[in-house]
Structures are given as structure tokens and as C-alpha cells.
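Worksheet: one structure, shown below.
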Amino acid sequence: MGGRLTVYPVRWRHLLSLLIVFALPAFAGWYEKEETIMGTSVSVKLWHPDANKAEQIMADVMAEMRRIDASLSPFIETSELSRVNRTAARAPVPVSRELATIVDKALWFSERSQGAFDITFASVGHLYDYRKQQQPDEQQRQALLDAIDYHLIELDRDKSTLFFKDPRVQIDLGGIAKGYAVDRGAAILRRHSVEHGTVNAGGDSRILGDKRGEPWIIGIKKPRGQRGDSPRDQAAIMLPLSDTAISTSGDYERYFIDTASGRRVHHIINPDTGQSATGVVSVSVLGPGGFDTDPLSTTVFVLGVEQGLSLINRLPGFDCVIIDSRGQVHYSDGLAPPVKPDQK
Ligand code: ADP
Ligand code: MG
């Protein structure tokens, strides 16, 4: 008796799933996924002729982002970074090739910027909590300030070990890890022959190809825009881009206003003072890869307009847009709008 009632629905279902399996691959189109990872919104968008494969690729990208977060987050006690911060002042600690490569790159930018980019900012920086509106008091800041110094990091590139020459030293890769992560995501897309796509993590984006015949339009946010504005109204500048990386550092991402001084306390720290960098409100850097544009946007933010532009103009393949605290926009040589003869 059960036969009649059960057999037909089952066959029906088989037929349906067959239809779905054969129908899905025909869905060529744009696919998109977004998750909160690394304390920020991570998204991937791509064009693919096959829906199932697109889903698989996007899942792979997200898994890679979660892996990087689990290893580099200072907020996860079991991360490799946390372990290094707990132990590297006692004796050289073995680290993964990946962490060694990222620290190596960070040190390179420290050298290039006379210490404006410095992952030991965290020696003081770990005392800031922007959500809880906490900052180090004067005494704490003074006591830790000279522990912000990248020379206190000893990286043995051959042995892949890290040693901190001062027990007060802490490192944080928040100024470089997301750029590294979007490059890793883009590599996954490319391995799967994706020609048009973007991988984004907070202020860092890696753009693959164009948007099928037109450029991707990336907006640089108005630093003091209104929350309710449409995306177009929130943008200070729209850039048509393809095949590039772009990283933006802004003082509006993580901040609070210090009630005593009225000053904006935000997450980009001037290593000379252990306090938030001033003078600039937004920096976007364009270049071939996020592993460079991410640390560079933080670096230029700390250096300010003049020194920041000068650094970018000396680096072939990189450009930047800086919005200063008066709202004026500055472009590097490669982006500067052409000046008409009568404007000179
Ligand atoms: P976002 O994290 O919003 O994308 P940035 O790319 O500018 O912005 O990175 C800011 C992060 O960089 C901070 O949250 C902190 O982890 C780290 N950082 C802050 N100041 C410095 C500095 N002087 N050198 C290196 N890293 C820094
Ligand atoms: Mg950055």
C-alpha cells in the first residue's frame, strides 16, 4: 500500500533534482557573498558561467579569510600572533613562513617610511579600545612609548624565528593583513580562471579584470558623510578601475571623540606619539597588490600630505588620493588632473 504513496513522490523528486543539476550550470552571471570576518565586512563578487562552481569558489575564498583571521588576529588568544606576543620577548620563537613573510614586508615599509609604518605601534596601541572608548592614560603612554620601535623586532629570515628585544613590545598586523588577505582571495579566483571579480575586506579591495566591458566604479567615501546618504552621495570621489588593488585608510572607521579634549581618537597611530595621527582624514592608495597598498595607505596617513605624496610619487606603479583635514583633495602625480595652460 505504502508503495504507491511513496514511490511516486520519490521519483518526482529525482526528476526535479536532475532538472536542477542540469539547469544550474546554465546560470552564467554575477555571484556575490558577504561575511563578517576580521572584524569587518568581507565580500567577494565574480562572474562565472557555472553557479555551483561560483558558490564553491566563494566558499573557498571565505575559508581562506577565516584561516588568516584565526592565525593573525590579536583578539583570538589561540592565534599565532597572540602566541608570538606572549612569548617572543623571552627567546626567539619559530613562526610560520606566512607570518615571517608578512613581518618582513612590514619591516620593509618601516624602513621606507622612517618608521611611520610600524607594527610595534601595538606596544601602546593595545591599550586603545575604540568601542569601549578607552585609551592609555598619560603615564601608560609615556612608559611604553619607546617600545614603539621596529628595530626592537628581530626577524631571522632563514630560521623563520621572531624575537622582541624588549618585553614591552607587542605587534599588530591590522595595517597589512587585510591587504594580504584580499591578494590571497584574488589568487583563488585566478586559480579557478575567474576573469572578472573583486575581493574586498573592509577598506581593502582587489579588482580582477573589468566589469565585463566597463570599469568597476569604486567610490572613496566622504570622510564626514551622513549615514542616511545614498552610496553615490556618500562618495567624495568615484574612480573607474580595473585590474588593480585599492586600499583606503580613514579616521572615521574606528574612533570616538575624547570628551576632555574634543579630539578624535582613531585607530591609526603615529608611532612618534602613540596617539592618533592628525592632519589627514582619508588616504586611498592604488597599486598592483593589496599586500603593498594596505600598508601604504596607513603609512601615507601617518606621514601626512607632503611626505605621503612624495613617498608615493617615488614608488613606480602606485598612486594615491589624500583628503586632508580641511577637506582638500590631493592627488599623486599619476592621477593629478591635467592642468590647462591658462590655469598655470
Ligand atoms: P582599516 O583597518 O580600517 O582598513 P588601515 O588599513 O589604515 O585601516 O589600518 C589601520 C590599522 O593599522 C589599525 O587598526 C592598526 O591595527 C594598524 N595600525 C595603526 N597605526 C599603525 C602604524 N603606525 N603602523 C602600522 N600599523 C598601524
Ligand atoms: Mg591600510
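We did not get these values from a lab; they are worked out from the coordinates using the rules stated. None of these values were measured; they are calculated from a predicted model. As a convention, Cβ positions derive from the backbone with ideal geometry for all residues, glycine included, and neighbour counts pool all protein chains shown.
Note on segment 135-207: enclosed strands (runs of 3 or more DSSP E) holding 1 or more residues that are closer than 27 Å to VAL283 by Cβ are 153-156, 197-201. Scoring GLN114 on the criteria (1) more than 16 Å from ligand 2 (Cβ to nearest atom); (2) closer than 30 Å to LEU309 by Cβ; (3) not in a loop (DSSP other than H, G, I, E, B) leaves a single failure, condition (3). Go through segment 164-178 and report how many residues are in contact with a Pro (Cβ under 7 Å, 6 or more places away or on another chain) and not small (Gly, Ala, Ser). Selection size over segment 164-178: 2. Note on segment 259-344: enclosed strands (runs of 3 or more DSSP E) holding 2 or more residues that are closer than 25 Å to GLY185 by Cα are 280-287, 319-324. Taking (1) farther than 23 Å from PHE301 by Cβ; (2) of a type outside the set (Lys, Arg); (3) surrounded by 12 or more Cβ atoms within 10 Å (Cβ to Cβ) in turn, LEU241 satisfies each apart from (1).
Kindly provide the set of residues from segment 244-294 that are among the β-branched types (Val, Ile, Thr) and within 10 Å of ligand 1 (Cβ to nearest atom), ordered by number. Listed by number, the residues that qualify are THR248, ILE268, ILE269, VAL283, VAL285, THR293.
Here LEU286 fits the description: free of Cβ contacts under 8 Å to residues at least 60 places away in the same chain and either loosely packed, with under 14 Cβ neighbours inside 10 Å or within 14 Å of ILE322 (Cα to Cα) (or both). When residues in segment 117-134 are screened for being near ligand 1 (Cβ under 9 Å from one of its atoms) and in a helix (DSSP H, G or I), 5 of them pass.
Checked against (1) buried (at least 24 other Cβ atoms within 10 Å of the Cβ); (2) more than 12 Å from the chain's Cα centre (by Cα), GLY279 passes all but condition (1). For segment 205-225, the condition holds for at least one residue, the condition being that it is crowded, with 20+ Cβ neighbours inside 10 Å, small (Gly, Ala, Ser) and in contact with a Ser or Thr (Cβ under 9 Å, 6 or more places away or on another chain). Considering only residues in segment 240-276 that are among the hydroxyl-bearing types (Ser, Thr, Tyr) and closer than 26 Å to GLU214 by Cβ, the one that is farthest from the chain's Cα centre (by Cα) turns out to be SER242.
Within the set VAL329, VAL281, the sole residue that is within 25 Å of GLN133 (Cα to Cα) and out of contact with any His (no Cβ under 9 Å at 6 or more places or on another chain) turns out to be VAL281. Listed by first and then second residue, the pairs linking a residue in segment 63-92 that is touching a residue at least 60 places away in the same chain (Cβ under 8 Å) to a residue that is crowded, with 16+ Cβ neighbours inside 10 Å and among the aromatic types (Phe, Trp, Tyr), with Cβ atoms under 6 Å apart and 6 or more places separating them unless they lie on different chains, are ALA88/PHE163; ALA88/PHE164; ALA89/PHE164; PRO92/PHE163. The set of residues in segment 199-213 being over 21 Å from ALA236 (Cα atoms) and either among the acidic types (Asp, Glu) or more than 16 Å from ligand 2 (Cβ to nearest atom) (or both) consists of LEU208, GLY209, ASP210, LYS211, ARG212, GLY213. Select from segment 117-129 the residues that are more than 16 Å from ligand 2 (Cβ to nearest atom), surrounded by 13 or more Cβ atoms within 10 Å (Cβ to Cβ) and not hydrophobic (A, V, I, L, M, F, W, C) and list them in ascending order. Result: THR120, SER123, HIS126, TYR128. Residues in segment 179-195: is at least one within 30 Å of ARG263 (Cβ to Cβ), surrounded by 23 or more Cβ atoms within 10 Å (Cβ to Cβ) and within 16 Å of ligand 2 (Cβ to nearest atom)? Yes, some residue in segment 179-195 is within 30 Å of ARG263 (Cβ to Cβ), surrounded by 23 or more Cβ atoms within 10 Å (Cβ to Cβ) and within 16 Å of ligand 2 (Cβ to nearest atom).
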